[in-house]
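Reviewing the structure listed below.
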Amino acid sequence: MIKLILTRQWNGYPKRSSYLSFVEKREMTLANLNEGIAIKWFAAFNEHHLENLLSLYADQAKHFSPKLKIRQPESKGLVTGKDALRAWWKDAFERLPSLHYQVTTLTANDDRVFMEYIRQVHSEEDMLVAEVLEIVDGKIIASRVYHG
């Protein structure tokens, strides 16, 4: 079986409304739907809208991040469940009010989205980041962050 893979590249964060209307006009395959979840993920994250972000995740979703490993060494970089995700992102949004992700590439297939973006925070150097979202039944069940 051949899986449909979609790739989108931008020089900057896309205008959400124009891109979403483009996505809505295409045939809705799982890859298209997963790409739409990633677009919603970026919108919620960049607006620091915690509940919209959490609504994209399954109740027992797992999240791995090197930053998490540094800030909460006892976690070994992994948190599980919406309560842990809420606490992690709430802390990040409060500590870093200018935190913003500039998406550069999305590659989606039937069960995951590979996202590349630039992490931007005032007074910090930009950081290139890759993140993988694993998606089942329209919900993110796992996310893994990679950066140097």
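Does A38 count as modelled with pLDDT of 95 or more, buried (at least 17 other Cβ atoms within 10 Å of the Cβ) and out of contact with any strand residue (DSSP E or B) (no Cβ under 9 Å at 6 or more places or on another chain)?
no
So, in segment 62-91, how many residues would count as being of a type outside the set (K, R) and in contact with a helix residue (DSSP H, G or I) (Cβ under 7 Å, 6 or more places away or on another chain)?
Taking segment 62-91 as the starting set, the residues that turn out to be of a type outside the set (K, R) are 63-66, 68, 70, 72-75, 77-81, 83-85, 87-89, 91.
Filter once more, so that each one left must be in contact with a helix residue (DSSP H, G or I) (Cβ under 7 Å, 6 or more places away or on another chain): 63, 68, 75, 77, 79, 85, 88-89.
Total satisfying the criteria: 8.
Based on what the data block shows, is H100 at pLDDT 95 or above and either out of contact with any strand residue (DSSP E or B) (no Cβ under 6 Å at 6 or more places or on another chain) or charged (D, E, K, R) (or both)?
No; evaluated as a whole, the condition is false for this residue.
List, please: which pairs have Cβ atoms under 7 Å, are six or more places apart or on different chains, and start with a residue in segment 86-109 that is more than 19 Å from D126 (Cβ to Cβ) and end with one that is of a type in the set (S, T, N, Q) and assigned to a strand (DSSP E or B)?
Once the first residue is more than 19 Å from D126 (Cβ to Cβ) and sits in segment 86-109, its partners that are of a type in the set (S, T, N, Q) and assigned to a strand (DSSP E or B) give T107/T7.
I'm checking my understanding of the structure. Among residues of segment 72-85 that are part of a helix (DSSP H, G or I) and more than 14 Å from the chain's Cα centre (by Cα), which one is surrounded by the fewest Cβ atoms within 10 Å (Cβ to Cβ)? Break it down stepwise before answering.
Step one: list which residues in segment 72-85 are part of a helix (DSSP H, G or I), which gives 73-75, 82-85.
Restricting the remaining residues to those that are more than 14 Å from the chain's Cα centre (by Cα) gives 73-75, 82-84.
Details: P73: 9, E74: 5, S75: 16, K82: 16, D83: 11, A84: 17.
Only one residue tops the list, namely E74.
Taking segment 86-113, which residues are in contact with a Leu (Cβ under 9 Å, 6 or more places away or on another chain) and assigned to a strand (DSSP E or B)?
The answer is T104, L106, T107, A108, R112, V113.
Looking only at segment 49-71, filter to residues that are without any contact (Cβ under 8 Å) to a residue 12 or more places away in the chain and outside any helix (DSSP H, G or I); which one of those is farthest from R144 (Cα to Cα)?
H49
Has segment 12-29 got any residue that is assigned to a helix (DSSP H, G or I), at pLDDT 95 or above and out of contact with any helix residue (DSSP H, G or I) (no Cβ under 8 Å at 6 or more places or on another chain)?
Applying the first criterion (assigned to a helix (DSSP H, G or I)) to segment 12-29 yields 16-25.
Filter again for at pLDDT 95 or above, leaving none.
Checking segment 12-29: not a single residue is assigned to a helix (DSSP H, G or I), at pLDDT 95 or above and out of contact with any helix residue (DSSP H, G or I) (no Cβ under 8 Å at 6 or more places or on another chain).
Among the numbered conditions (1) under 25 Å from L33 (Cβ atoms); (2) modelled with pLDDT under 95; (3) among the aliphatic types (A, V, I, L, M), tell me where V136 comes up short.
(2)
With the requirement that a residue be surrounded by 15 or more Cβ atoms within 10 Å (Cβ to Cβ), free of Cβ contacts under 8 Å to residues at least 40 places away in the same chain and charged (D, E, K, R), what does segment 110-143 give you?
If the condition is that a residue be surrounded by 15 or more Cβ atoms within 10 Å (Cβ to Cβ), free of Cβ contacts under 8 Å to residues at least 40 places away in the same chain and charged (D, E, K, R), then E116, R119, E131, E134 are the ones that fit.
Going residue by residue through segment 60-71, is there one that turns out to be within 30 Å of N32 (Cβ to Cβ), surrounded by fewer than 18 Cβ atoms within 10 Å (Cβ to Cβ), modelled with pLDDT of 95 or more and not aliphatic (A, V, I, L, M)?
yes
The values are calculated or read from the model by the stated rules, or taken from the named source; none is laboratory data. Small disclaimer: the values here were computed from a predicted structure and weren't measured. Methodologically, a virtual Cβ is constructed for each residue, glycine included, from the backbone with ideal geometry; neighbour enumeration extends over all protein chains shown.
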